[in-house]
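Engineer: One structure, as structure tokens, below. Some questions next.
The values are calculated or read from the model by the stated rules, or taken from the named source; none is laboratory data. Worth saying up front: this structure is predicted, and the values here are computed from it rather than measured. For accessibility, only protein heavy atoms count, side chains too; no ligands or nucleic acids. Shrake-Rupley method; radii C 1.70, N 1.55, O 1.52, S 1.80 Å.
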Amino acid sequence: MRVLVLGGDGYLGWPTAMHFSARGDEVAIVDNFAKRQWELEEGIEPLAAIPPLHRRVRRWKEISGNDIALMVGDLCNHRFVYKVIREFKPDAIVHYGEQPSAPYSMQDRTTAVYTQTNNIEGTMNVLFAMRAHCPDAHLVKLGTMGEYGTPNIDIEEGWLELEHNGRKDRVLFPKRPGSFYHLSKVHDSANIEFTCRIWDMRATDLNQGVVYGIETDQTVLHPDLETSFHYDDVFGTVLNRFLVQAAIGCPLTVYGKGGQTRGFLNIKDTIQCVALAVDNPADRGDFRVFNQFTEQFSVLQLAEMVVAAAKRNGQDTQIDHLENPRVELEDHYYNAKHSKLVDLGLRPNLLTEAVLDAMYQTVCRHVDFVDRNVMNPRIQWSSEKADR
Ligand SMILES: NC(=O)c1ccc[n+]([C@@H]2O[C@H](COP(=O)([O-])OP(=O)(O)OC[C@H]3O[C@@H](n4cnc5c(N)ncnc54)[C@H](O)[C@@H]3O)[C@@H](O)[C@H]2O)c1
């Protein structure tokens, strides 16, 4: 297959590109390195330095014998997007190329508007270019479980069967997200569903939970092939941050009571799920939604699991409850369905003690590079950052 990975320099995009390339697909990556710019803006960096994408691609060729084509450009430049899609003619497009951080989007007007412009306009350009040059291709778009918020009813996979005043219909599940970033994904979903319905496109929206993990089958082949691992308050996901805090003997920072419950998955399962979606494409006209996570945990539960992992590895650490910088329920009902990917064959890599211990030990090998100044929350949901 010809697989185009948008955002292929990122945490998930790079291992995904290598995965498809390793199994013999023809792979091209698009990225404009925006993430590297945001890192500079925020004064943060991944736990281990990540080489330029050109070097990663060359190293991959050396190790695997396979080429990955590299197309540097901005998804918000429609001429560039049309050209890429016209020339590469993908069978599947895996779209990771967005601003992925809720705190980043909540800093101020500029970052909120940027997040929505970047994400929504980029996706619109992809949809229009697909209609023009590859209307039969399958769009596999990364959304997030955060689109749903925390409703007091079970969360279905994208669609809800509804009965109202004696009549029935199937509607998109009502969304109540918690940040301008999550809202950008809601708007993307609405736009993609519209093009499936009106233009007969085919798309799978993967509403992904919070990803943790460092290694995939390909990233371990050479240090140049590692993927980025963020632990800071802006781009770091919660389990990754807890592991780093434990490794340096700092208290784990739980926001508020820590009862916030979310879906989680291993980065290896992100890749498995995306491959399952690509290999089992949606039908023409079908806007398919899968909830992509394997387990639910509360933030406090995760913190306790990391404290135990650190203890098993000889490190005593504790939990600090910080005032919650976000506006969110800390005690709520949460039951999200996630069976469609399992039905397609997903075999989850669960968060066992062995997995946690292995991640903890990997993080410990990098403790000298940890910046202790970037883990406490600097962005408040209810006020703009003071310095902008
Ligand atoms: N990591 C998670 O836990 C998680 C959870 C749910 C959903 N997601 C979604 O998965 C996707 C990938 O997440 P990630 O953690 O790998 O993020 P990431 O920031 O590491 O990767 C995103 C990549 O997209 C690129 N990009 C952004 N805007 C672009 C544009 N306009 N043109 C070209 N390239 C652009 C960035 O430079 C970056 O390399 C995102 O859409 C994110 O919202 C991630």
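Engineer: At 1.4 Å probe size, put Leu40, Leu350 in order of accessible surface, largest to smallest.
Structural biologist: Leu40, Leu350
Engineer: Which entries in the list Lys268/Lys311; Lys83/Lys175; Lys89/Lys268; Lys175/Lys268; Lys61/Lys268 go over 24 Å, if you measure between the two C-alpha atoms of each?
Structural biologist: Table pairs above 24 Å Cα-Cα are Lys268/Lys311; Lys83/Lys175; Lys89/Lys268; Lys175/Lys268.
Engineer: Quick one: 3J(HN,Hα) in Hz for region 91-102, Karplus 6.51/-1.76/1.60 with θ = phi - 60°, rounded, Gly and Pro as x.
Structural biologist: Going residue by residue, I get 7, 9, 10, 9, 9, 10, x, 9, 6, x, 10, 5 Hz, with x marking Gly and Pro.
Engineer: Pull out a ≥ b ≥ c, the square roots of the eigenvalues of the alpha-carbon gyration tensor of region 32-74, then state rounded if a/c is under 1.5, prolate if not and a/b is larger than b/c, and oblate in the remaining case.
Structural biologist: oblate
Engineer: Run the helix sum for the chain: -39,500 (n - 2.57) per DSSP H stretch of 4+ residues, divided by residue count, reported at 222 nm to the nearest 500 deg cm²/dmol.
Structural biologist: Dividing the helical sum by the residues of the chain leaves -11000 deg cm²/dmol.
Engineer: Going by a ≥ b ≥ c, the root eigenvalues of the Cα gyration tensor, does region 177-333 fall in the rounded group (a/c under 1.5), the prolate group (a/b larger than b/c) or the oblate group?
Structural biologist: Oblate shape, in that a/c is at least 1.5 and b/c is the bigger or equal ratio.
Engineer: Bin by bin, in steps of 5 Å, what percent of the Cα pairs in region 301-388 do you find, going until the bin that has the longest distance?
Structural biologist: 3, 9, 12, 15, 16, 17, 15, 10, 3, 0
Engineer: Rounded, prolate or oblate for region 2-374? Axes are the square roots of the Cα gyration tensor eigenvalues, ordered a ≥ b ≥ c, and the cut-off for rounded is a/c under 1.5.
Structural biologist: Since a/c reaches 1.5 but b/c is at least a/b, the shape of region 2-374 is classed as oblate.
Engineer: Another one. How do Tyr11, Tyr104 stack up against each other in accessible area, from largest to smallest, with a 1.4 angstrom probe?
Structural biologist: Largest accessible area first, the residues go Tyr11, Tyr104.
Engineer: Could you please put Met130, Met305 in sequence from largest to smallest accessible area, using a 1.4 Å probe?
Structural biologist: If we order Met130, Met305 from most to least accessible, we get Met305, Met130.
Engineer: Another question about this same structure. Could you let me know the centre-to-centre spacing of region 8-58 and region 311-386, using Cα atoms, in angstrom?
Structural biologist: Measuring centre to centre over Cα atoms gives 22 Å.
Engineer: Of all accessible surface on the chain at a 1.4 Å probe, what whole percent is carbon and sulfur?
Structural biologist: Here it works out to 50 percent.
Engineer: Would you mind working out the accessible area per residue for the chain, using a 1.4 Å probe, and quoting it in Å²?
Structural biologist: 43 Å²
Engineer: Region 37-135: D in µm²/s via Stokes-Einstein (Kirkwood Rh, Cα pairs, 4 °C, 1.567 mPa s)?
Structural biologist: This corresponds to a translational diffusion coefficient of 82 µm²/s.
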